[in-house]
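Each remark here refers to the structure printed beneath this line.
The numbers here are math on the coordinates, done by the rules we state, and not lab data. Small disclaimer: the values here were computed from a predicted structure and weren't measured. All Cβ positions, even for glycine, are placed from backbone atoms using ideal geometry, and neighbour counts span all protein chains on display.
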Amino acid sequence: MSSRVVVHVWTTLSSPQSLLGLLNLREAAAGKNVAIEHHAFIPKTPDETDPEAIKALEDHGVTVSGAPVDDTGHAQEMVYAAKEQGSTPEEAAELGLAMAERLHRAALEDGKDISATDVLITIAQEAGLDLENVRAGLDEGRWTKLVENDCKDGERIRMEKAPFLIAAGMFLLEGPQDAQAMSSVLKRAGAELTDRVKAAAEEAQELFGYQG
């Protein structure tokens, strides 16, 4: 059995490039032992809409009718509101990823202003979240620090655009790579992790007689 590959992905929640990267990543991860954790990226300057990304989204059945939203701070907090509903880290990550996709689609397919609290509350309702909890959380900034930490992490690794992903802490991809390229990276990461686990087990057996 291959080792699980953990992928950390940063997106804006509102640009065609970010949604394309997210959908391609989901396609690449299908059937593989992969866990995907979403993180917030808020660009210092507004994203420029990429016509090629818009065209590529059509292959995913997405017709872009809205424009990128500049202020996605509260929307990014919504991802963490969704993660809170998970009973395990894996479930939390999946719920966060699903909310990220939902927010992207609301902004780009439906042309909704995901900077508006009333729009976010409607999206929360559609996702089955506790509306009072979400409203109170947004009002009191319950998830603000988590979003800020994501953005600081992005700055530390000199992230300039989204989507941006790190697979297994070893492989970096920036921009909306196609699903085939992402799949190749995930396979390489899985093989590298498996080799490392095997090497560690062999070393432990040699040193201590441990057989894991």
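Exactly one condition in (1) farther than 22 Å from Arg135 by Cα; (2) touching a Pro at 6+ places or on another chain (Cβ under 6 Å); (3) part of a loop (DSSP other than H, G, I, E, B) is false for Glu48; which is it?
(2)
Yes/no per residue for (1) in a helix (DSSP H, G or I); (2) in contact with an Asp or Glu (Cβ under 8 Å, 6 or more places away or on another chain); (3) over 21 Å from Ala98 (Cβ atoms):
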| site | (1), (2), (3) |
| --- | --- |
| Ile121 | yes, no, no |
| Val134 | yes, no, no |
| Leu138 | yes, yes, no |
| Glu148 | yes, no, yes |
| Asp153 | yes, no, yes |
| Glu160 | no, yes, yes |
| Gly169 | no, no, yes |
| Leu172 | no, no, yes |
| Arg188 | yes, no, yes |
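Do any residues in region 110-131 that are more than 18 Å from Ser14 (Cα to Cα) have Cβ atoms under 9 Å from those of residues that are of a type in the set (D, E, K, R) and part of a loop (DSSP other than H, G, I, E, B), where the two are at least six apart or on different chains, and which pairs are they?
Close Cβ pairs satisfying both conditions: Leu129/Glu84.
Could we say that Thr63 is touching a residue at least 24 places away in the same chain (Cβ under 8 Å) and not in a helix (DSSP H, G or I) here? Before you say what the answer is, go through the steps one by one.
Numbers: touching a residue at least 24 places away in the same chain (Cβ under 8 Å): yes; not in a helix (DSSP H, G or I): yes.
For Thr63, the condition - touching a residue at least 24 places away in the same chain (Cβ under 8 Å) and not in a helix (DSSP H, G or I) - is met.
Filter region 28-51 down to the residues that are in contact with an Asp or Glu (Cβ under 6 Å, 6 or more places away or on another chain) and closer than 23 Å to Ser65 by Cβ and list them by number.
Result: Pro46, single match.
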